[in-house]
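The values are calculated or read from the model by the stated rules, or taken from the named source; none is laboratory data. No experiment lies behind these values; they were computed from the predicted model shown. Note that we place each Cβ from the backbone using ideal geometry, even for glycine, and neighbour counts take in every protein chain shown.
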């Protein structure tokens, strides 16, 4: 019987076909180059890990810790494991199944007379093998496997996309920390300068060379500068807490080593061309995997329009009459076939096919939109980088000029050639320009991170892969 069943499986397998469309990747048009290609960072860094282009060891450690310990990435790994298990389920549903069963029992005469030599206790036992197979005549099960494989790819790519965005977010938060620390240090330096100015004004007031109004103005300027520290300290705490969460730690547990200034990007891997986004951005690839899954689901729905063949069989062995001296043994084999032919269901199956086709069309549109969004992100990041670099250069010039202006105003004030308002204005302008320069320097670094994230720059292989 086993050989007969094997032969039947092979014969039917050779007759199988697959309904529904075969997936073919759509051709999507992309620009030949980015509109601001001249602003792309030069590919000078030896490492392929873009964040190492900042030359900051602490930043590199934080990114690698986040990629290994981030809880969102770990949850995505769990979803991927689920998809792989469900793929195993889909593959198993297309093959034959064989189950075993056994039962036994006995009966006893508790009251009454024995007849002849019969024993008062008799028994029986039966064992069986249960075979079942539903041949995939029209490919519904194979399409289901295709859909499950596409889902595995999609979830793996979504995990990779989380790694992409997590790496960029760690860089952003770290740069925000360094920017806020730098701005606080600049405020402390300005406060020291203003204290010296206040001391000078008080000395001039005591000898009758300055008015009390000048003292009050200097004190107000000092207090206003001190008030700037609070918001920056709050932002610094928020960025530090976000870094802790990104690296899988409780807020307040992450300790950052002291560092000087805001990291400047020294160069990283090549950015590539717009068409590279199709294979570099995991979210774009995940959208394509969803399109492949939706296409396979059309075949699953169409297979329900066709007949379904089921082949059940049993092989059972039984023995009865234990205890009577007359044991009866039997070996019984059965094999049958059942054909389920859909005739009329008020259009329900056709509607399921139409729904699957609509979902595939939606997936195609989402795929196109995802690519357009990726292109828009890259172009936006490039524009932000150009603007931030120009602003940083302009503000550096402004800081240089305002330092000279403040020194001149202070000297002229001590000589009695200008009023104290000129000194305060020059001092305030210098503080504002220094603060703006620190912010612009941070914005350049943030724009670089946004750009590398937008183009899907590699972040390395997941741990354990």
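Brief remarks follow.
- Which numbered condition residue 312 fails, given (1) modelled with pLDDT under 80; (2) surrounded by 12 or more Cβ atoms within 10 Å (Cβ to Cβ); (3) not in a strand (DSSP E or B): (3)
- Matching residues, region 412-430, being in a helix (DSSP H, G or I) and surrounded by fewer than 17 Cβ atoms within 10 Å (Cβ to Cβ): 412, 414, 421, 425
- Residue match in region 364-374 (condition: more than 28 Å from the chain's Cα centre (by Cα) and either modelled with pLDDT of 85 or more or loosely packed, with under 15 Cβ neighbours inside 10 Å (or both)): no
- Qualifying residues in region 331-354 (those that are within 29 Å of residue 96 (Cβ to Cβ), within 44 Å of the chain's Cα centre (by Cα) and in a loop (DSSP other than H, G, I, E, B)) - the one modelled with the highest pLDDT: 342
- Options 209, 162, 186: the member that is touching a residue at least 40 places away in the same chain (Cβ under 8 Å) and under 30 Å from residue 455 (Cα atoms): 162
- Candidates 388, 378, 409, 384, filtered to the one that is surrounded by 15 or more Cβ atoms within 10 Å (Cβ to Cβ), in contact with a helix residue (DSSP H, G or I) (Cβ under 7 Å, 6 or more places away or on another chain) and under 17 Å from residue 193 (Cβ atoms): 409
- For region 1-45, the set of residues classified as in a loop (DSSP other than H, G, I, E, B), exposed (fewer than 10 other Cβ atoms within 10 Å of the Cβ) and modelled with pLDDT under 60 consists of 15 only.
- Candidates 155, 204, filtered to the one that is assigned to a helix (DSSP H, G or I) and touching a helix residue (DSSP H, G or I) at 6+ places or on another chain (Cβ under 7 Å): 155
- Selection status of residue 175, part of a helix (DSSP H, G or I) and crowded, with 22+ Cβ neighbours inside 10 Å: yes
- The residues listed here are 142, 155; of these, the one that is under 30 Å from residue 50 (Cα atoms) and surrounded by 19 or more Cβ atoms within 10 Å (Cβ to Cβ) is 155.
- Residues satisfying the stated conditions in region 279-309, i.e. surrounded by fewer than 17 Cβ atoms within 10 Å (Cβ to Cβ) and either closer than 30 Å to residue 175 by Cβ or under 22 Å from the mean Cα position of the chain (by Cα) (or both): 279
- Matching residues, region 214-230, being over 14 Å from residue 186 (Cα atoms) and either buried (at least 17 other Cβ atoms within 10 Å of the Cβ) or in contact (Cβ under 8 Å) with a residue 12 or more places away in the chain (or both): 214, 215, 217, 218, 219, 221
- Assessment of region 431-449 against the conditions (surrounded by fewer than 18 Cβ atoms within 10 Å (Cβ to Cβ) and over 28 Å from residue 170 (Cβ atoms)) yields at least one matching residue.
- Test: residue 461 is outside any helix (DSSP H, G or I) and surrounded by fewer than 17 Cβ atoms within 10 Å (Cβ to Cβ): yes
- Residue check for residue 241: in a helix (DSSP H, G or I) and within 23 Å of residue 94 (Cβ to Cβ): no
- Scan of region 262-287 for residues that are assigned to a loop (DSSP other than H, G, I, E, B) and closer than 22 Å to residue 64 by Cα, ordered by number: 262, 263, 264, 265, 266, 267, 268, 269, 270, 271, 281
- Filtering 60, 48 for residues that are part of a helix (DSSP H, G or I), under 30 Å from residue 258 (Cα atoms) and either modelled with pLDDT under 90 or in contact with a helix residue (DSSP H, G or I) (Cβ under 8 Å, 6 or more places away or on another chain) (or both) leaves a single hit, 60.
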